[in-house]
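Here the structure is laid out as structure tokens; the discussion comes afterwards.
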Amino acid sequence: MGTDMSFMNDVYLYQQFKQIFGEENLQVEYNHPPESEEFTYIPIRSGIDFLGWIGVRNEKLTEESKQLIQLFDASSAIMYSPDKKENTFWQRAIQEEMEDWISAWEGLEYSADTEFGLIFITIDSQKEDWTSDVHKQFQEMIEAVVEQSTFLIPLKQGHFLWILPHYSEIKSELIEVVKGLVDTLAAELVLKANFFIDQPVTMPMELREYVQNQLSIVQACNQSHVRGGVVFIRDVLHLYLLKQSSNMDRKKYVHQIMGQILHDSEAIETARVYFQENLNISEAAKKLFIHRNSMQYRLDKFAEKTGYDLRRFEHSVVVYLAIQALGMLNKE
């Protein structure tokens, strides 16, 4: 017996099926569909979220219609790797609870200590620019950069998860590989891609919940905060925390810390470069094209105006967060 269909009312595919077959010939299930000779089921997803199953009464389907539904079922999880069995597994692992895919995991025969690299990719592209040809070329470029099998999983429009088994074997060269990909995608496909490199994980784990959490961090840390198209997620967690604050709270924080220098572009730029150069006075001076003594003088003036000495770690952390919050406010 099907369950309440109201949660499908806004699903485009369900509306189309209702028009074609009639609502009385449809059945919706939240979890696994029952074994049935009466209905043919198709999974319905919204990005990473699994919504449920729509069943169509078989007597209303021609043989061609059944084949078309089966084809849609297979293509709804976009297959990038030649190893479709494992790619199907990763699709399931990020959409379903672990208890639903654990038996399939055991069949893959990875050792317990195998590390899997996770890289979230965002593409800055208009929907109309994302043609099937561009999609295919994007896929091929990702697949070609490492020799081993990797798995590119679509999460939502313009967001992908790139899974790299045996991460330890490629981690030493990963940064250069990813930087090369950023340049290649920009030059050949005119795509602005950002790669958010996560910590490697071991399996099995509740991957669905983990990916959802990390994806929310990636989305919060928008592209303006990514330098060179490549960033480690661990390095932008503070931006995610700031993003959780209200706009008013960020304004209060910025004014409390930097109220005396908000209109002093030289002071703000000095602090920003100082942070970029890892609190190295000599390197920051070179970057600003000033003498080291001039850099020291600027830091002294900053401390005098704000009460925060950037040469003290605890003070530099406070000001660094304020500058990041200021960047968010300026963008908004």
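The values are calculated or read from the model by the stated rules, or taken from the named source; none is laboratory data. Only a predicted model underlies this, so the values are computations on that prediction, with no experimental measurement involved. Because the Cβ atoms are built from the backbone with ideal geometry, glycine has one as well, and the counts that use them run over all protein chains shown.
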Check your understanding: If we scan region 143-160, do we find a residue that is modelled with pLDDT of 90 or more, part of a loop (DSSP other than H, G, I, E, B) and in contact with a strand residue (DSSP E or B) (Cβ under 6 Å, 6 or more places away or on another chain)?
Key -> yes
Check your understanding: For the subset of region 190-200 comprising residues that are at pLDDT 90 or above and surrounded by fewer than 18 Cβ atoms within 10 Å (Cβ to Cβ), which member is farthest from Gly107 (Cα to Cα)?
Key -> Gln199
Exercise for review: State whether one or more residues within region 263-270 are among the small types (Gly, Ala, Ser), without any contact (Cβ under 8 Å) to a residue 12 or more places away in the chain, at negative phi and not assigned by TED's automatic domain parsing to the domain that holds Thr114.
Suggested key: yes
Check your understanding: Out of (1) loosely packed, with under 13 Cβ neighbours inside 10 Å; (2) under 33 Å from the mean Cα position of the chain (by Cα); (3) farther than 30 Å from Leu161 by Cβ, what's the single condition that is false for Met258?
Key -> (1)
Practice item. Answer yes or no as to whether Asp113 is in a helix (DSSP H, G or I), over 21 Å from the mean Cα position of the chain (by Cα) and modelled with pLDDT of 75 or more. Key: no
Check your understanding: When you scan region 278-298, how many residues do you find that are within 37 Å of the chain's Cα centre (by Cα) and assigned to a helix (DSSP H, G or I)?
Key -> 8
**Study point:** Given (1) part of a helix (DSSP H, G or I); (2) loosely packed, with under 12 Cβ neighbours inside 10 Å, number of the condition His135 does not satisfy
**Key:** (2)
Point to revise | Residue ID - modelled with the highest pLDDT, chosen from residues in region 227-249 that are assigned to a loop (DSSP other than H, G, I, E, B) and over 17 Å from Ala325 (Cβ atoms) | key: Gly229
Review point. Among Glu24, Glu59, Glu37, which is assigned to a loop (DSSP other than H, G, I, E, B) and at pLDDT 70 or above?
Key: Glu37
Practice item. Identify, from the list Phe50, Phe72, the residue that is within 26 Å of Gly158 (Cα to Cα), surrounded by 14 or more Cβ atoms within 10 Å (Cβ to Cβ) and at pLDDT below 70. Key: Phe50
**Study point:** Qualifying position, being of a type outside the set (Ser, Thr, Tyr), within 30 Å of Val177 (Cβ to Cβ) and not assigned by TED's automatic domain parsing to the domain that holds Leu118, among Gly327, Gly229, Gly307, Gly259
**Key:** Gly327
Check your understanding: Which numbered condition trips up Pro204, out of (1) at pLDDT 90 or above; (2) in a helix (DSSP H, G or I); (3) surrounded by 13 or more Cβ atoms within 10 Å (Cβ to Cβ)?
Key -> (2)
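Every residue, every condition in (1) closer than 23 Å to Tyr308 by Cβ; (2) exposed (fewer than 14 other Cβ atoms within 10 Å of the Cβ), yes or no:
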site: Glu209; (1), (2): no, yes
site: Ser216; (1), (2): no, yes
site: His238; (1), (2): yes, no
site: Asp249; (1), (2): yes, yes
site: Ala267; (1), (2): yes, no
site: Phe275; (1), (2): yes, no
site: Glu283; (1), (2): yes, no
site: Phe289; (1), (2): no, yes
Check your understanding: Restricting to region 250-274, what's the tally of residues that are within 13 Å of Gly327 (Cα to Cα), modelled with pLDDT of 90 or more and charged (D, E, K, R)?
Key -> 3
Review point. Can we say His263 is in contact with a helix residue (DSSP H, G or I) (Cβ under 9 Å, 6 or more places away or on another chain) and surrounded by fewer than 18 Cβ atoms within 10 Å (Cβ to Cβ)?
Key: no
